[in-house]
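Report on the following structure.
The values are calculated or read from the model by the stated rules, or taken from the named source; none is laboratory data. What you see is a predicted model, and the numbers here were worked out from it, not measured in a lab. Cβ coordinates were reconstructed from backbone atoms using ideal geometry, including for glycine residues, and neighbour counts include every protein chain displayed. Side chains included, ligands, DNA and RNA excluded: accessible areas come from the protein's heavy atoms. Shrake-Rupley method; radii C 1.70, N 1.55, O 1.52, S 1.80 Å.
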Amino acid sequence: MQARYSTVGVAGAGAMGRGIAQIAAQAGSTVRLFDTQAQAVARARDEIFAQWDRLREKGRMDAAAVDACKGRLVAAGSLQDLRDCELVIEAIVERLDVKKSLFGELEGIVAPGAVLATNTSSLSVTAIAAGMKHPGRFAGYHFFNPVPLMKVVEVIAGLKTDPAVCEGLTAYARDMGHTPVAAQDTPGFIVNHAGRGFGTEALRIVGEGIADFATIDRILKDQVGFKLGPFELLDLTGLDVSHVVMESIYTQYYDEPRFRPSVIAAQRLAAGVVGRKVGEGFYRYVDGKAQVAPEPAVPTVEEMPPVWVSTRAARRAELYQLLKDLGAKIETGQSASPNALTLVAPLGFDVTTVAVVERLDPARTVGIDMLFDDAATKRRVLATNPATRRDMLDAAHALFASDGKPVSVIRDSGGFVTQRVVATIVNIAADICQQRICTPKDLETAVTLGLGYPAGPLALGDRLGPTNVLEVLFNMQTVYGDPRYRPSPWLRRRGALGVSLLHEEA
Ligand code: NAI
């Protein structure tokens, strides 16, 4: 079968260029790989060949296909060698001046109909195209590392990109076995923009002294189903990469408070404590394994007090059922008896605010996060307020751990850990749709494939109920007075009307 672009040039033979070259050759194109460092091309070729040999050993490619692919991957000694390419994909150093100068040169080398694309992750596609003679043939083509395994690519139209160019790149992405998503040319495009909520909000929670890194990781993995906690993920990526992305998106959006980076990350980066690759990040690594302190033990309680549940608790019926299943002595009166443990389950509010507003005895009041259905999570999270008595906290901890489900105790926080992080992720995703950066469907695809989240953020918001997510944000805004929790209009309107976050307007 004839490849859509029979000859493809790849400029830059680093981590990304070699991955792109590999899948382009697999799609049937002749690939001309160029790098200013000739050794980089040779190294890349060796590595790609080794990849193909491994695929053959695993039976994923046959010998003939491997030989054909190897024959199609050609080292280019100079940029001039890319003159017959119908498409050139650039994956060189992330610098605007260097990229602009490369494309300026390429315009004079390739045929007038050839398409030019950049794999930039943080620069504006439109800015790179500025000054080109034919910006219509230029687009963003943003792959993820490692390219052959991360099967999503963002196709980005700059201000002057011809739609036919994006159509061609979209179809070619499919030929390479990837899923294309269409993004407007905005900072972070889809994936790096949508990914801002997770780590940024988690860092903020640590910054407020509410819980430590390991506790936050445990909570988000067990309650939401993330494969890695935010701090495990930051350690894997390295703060030298992630903190720079956080700062770049924050500044490019003119100090949008939702993306405000963390001083904790800045300090750790300055100290070189950047993650797994240096043996120390948020965790310390011994033989590549994170050293995690054991969880605090469940306290032993001689006599369980009776339990009274606030009338305004979220998922109150479920909480009652849970207490029954745990064998608690439940009080059903209008108010708690003098010895009762008082449970509140706020959405977005902190335990303190609820105790004050509902005129509860704060010393006996403990909060539980009921945003998710208890049956759907592998951990329960309790929060104290500054006046909570130790015996009441111990009683709540022991009670909720009595069926063997792990319990984390955090300090008082508007929105607990999960509510804060999930609401922030959903809100940022909603705002990406509001800005029409991409369709809701492409957003979900990009985030699940590009970030590995257990579900797309909009589907997650729908599952929890857009109205509940909206309530979390509204109340957090009240508690913190911080514009970062300002709900996006996309979420505010849908939450108010009870309309799906995935629904596209008529
Ligand atoms: P890298 O540092 O591994 O490779 C860059 C290569 O480009 C080097 O071999 C270098 O010699 C070569 N190079 C530099 N200037 C050149 C020029 N003028 N002409 C030809 N070759 C030149 O970098 P990496 O990680 O592969 O990134 C490349 C691009 O992809 C950057 O724009 C980066 O932002 C983007 N990107 C990187 C991702 C990642 O996770 N590493 C993910 C998505 C995009």
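Does the range 42-56 contain at least one residue that is within 16 Å of the ligand (Cβ to nearest atom), under 32 Å from the mean Cα position of the chain (by Cα) and hydrophobic (A, V, I, L, M, F, W, C)?
Within the range 42-56 (the criterion being within 16 Å of the ligand (Cβ to nearest atom), under 32 Å from the mean Cα position of the chain (by Cα) and hydrophobic (A, V, I, L, M, F, W, C)), the answer is yes, since at least one residue qualifies.
Yes or no: Thr352 assigned to a helix (DSSP H, G or I), modelled with pLDDT of 95 or more and either of a type in the set (Asp, Glu) or farther than 30 Å from Ser242 by Cα (or both)?
yes
Of the residues that make up the range 374-391, is at least one open to solvent by less than 10 Å² (accessible area, probe 1.4 Å), at pLDDT 95 or above, at negative phi and in a helix (DSSP H, G or I)?
Scanning the range 374-391 turns up no residue that is open to solvent by less than 10 Å² (accessible area, probe 1.4 Å), at pLDDT 95 or above, at negative phi and in a helix (DSSP H, G or I).
Restricting attention to the range 1-40, which residues are buried (at least 24 other Cβ atoms within 10 Å of the Cβ), within 16 Å of the ligand (Cβ to nearest atom) and in a helix (DSSP H, G or I)?
Scanning the range 1-40 gives Gly17, Arg18, Gly19, Ile20, Ala21, Gln22, Ala24.
Based on this model, can you work out whether Pro187 counts as surrounded by 24 or more Cβ atoms within 10 Å (Cβ to Cβ), modelled with pLDDT of 95 or more and out of contact with any Cys (no Cβ under 9 Å at 6 or more places or on another chain)? Please lay out each step first, then the result.
Working: surrounded by 24 or more Cβ atoms within 10 Å (Cβ to Cβ): no; modelled with pLDDT of 95 or more: yes; out of contact with any Cys (no Cβ under 9 Å at 6 or more places or on another chain): yes.
So Pro187 does not fit the description; no.
When you scan the range 133-154, how many residues do you find that are surrounded by fewer than 18 Cβ atoms within 10 Å (Cβ to Cβ) and either more than 22 Å from Glu47 (Cβ to Cβ) or hydroxyl-bearing (Ser, Thr, Tyr) (or both)?
3
Given the conditions (1) closer than 19 Å to Asp35 by Cα; (2) in contact (Cβ under 8 Å) with a residue 24 or more places away in the chain; (3) away from the ligand (no atom under 12 Å from the Cβ), and given that Gly131 satisfies all but one, which numbered condition is not satisfied?
(1)
For residues in the range 245-290 being part of a loop (DSSP other than H, G, I, E, B) and in contact (Cβ under 8 Å) with a residue 40 or more places away in the chain, which is farthest from Ala202 (Cα to Cα)?
Looking at the filtered set, the residue picked out is Tyr253.
Going through the range 457-503 one residue at a time, which ones are in a loop (DSSP other than H, G, I, E, B), within 19 Å of the chain's Cα centre (by Cα) and hydroxyl-bearing (Ser, Thr, Tyr)?
Result: Ser488, single match.
Yes/no per residue for (1) free of Cβ contacts under 8 Å to residues at least 40 places away in the same chain; (2) surrounded by 17 or more Cβ atoms within 10 Å (Cβ to Cβ); (3) touching a strand residue (DSSP E or B) at 6+ places or on another chain (Cβ under 7 Å):
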position	(1), (2), (3)
Asp412	no, yes, yes
Asn427	no, yes, no
Ala430	no, yes, no
Glu444	no, yes, no
Leu449	no, yes, yes
Pro454	no, no, no
Glu471	no, yes, no
Tyr485	no, yes, no
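Search the range 30-54 for residues that are within 10 Å of Ala75 (Cβ to Cβ) and pair each with any residue that is near the ligand (Cβ under 10 Å from one of its atoms) and acidic (Asp, Glu) when their beta-carbon atoms are under 6 Å apart and the residues are at least 6 apart or on different chains.
Close Cβ pairs satisfying both conditions: Val41/Asp35.
What is the one condition in (1) more than 7 Å from the ligand (Cβ to nearest atom); (2) touching a residue at least 24 places away in the same chain (Cβ under 8 Å); (3) not in a loop (DSSP other than H, G, I, E, B) that Asp97 does not satisfy?
The number of the failed condition is (2).
Looking at Ala293 and the list (1) aliphatic (A, V, I, L, M); (2) open to solvent by 20 Å² or more (accessible area, probe 1.4 Å); (3) touching a residue at least 12 places away in the same chain (Cβ under 8 Å); (4) outside any loop (DSSP other than H, G, I, E, B), which single condition is not satisfied?
(4)
Arg54 is checked against (1) in a loop (DSSP other than H, G, I, E, B); (2) open to solvent by 60 Å² or more (accessible area, probe 1.4 Å); (3) assigned by TED's automatic domain parsing to the domain that holds Met150 and fails just one. What number does that condition carry?
Condition not satisfied by Arg54: (1).
Say whether the condition of being surrounded by fewer than 16 Cβ atoms within 10 Å (Cβ to Cβ), outside any helix (DSSP H, G or I) and either in the same structural domain as Thr237 (by TED's automatic domain parsing) or not small (Gly, Ala, Ser) (or both) is met by at least one residue in the range 115-132.
no
Of the conditions (1) in a helix (DSSP H, G or I); (2) within 11 Å of Ala139 (Cα to Cα); (3) open to solvent by 10 Å² or more (accessible area, probe 1.4 Å), Lys160 clears all except one; give me its number.
(1)
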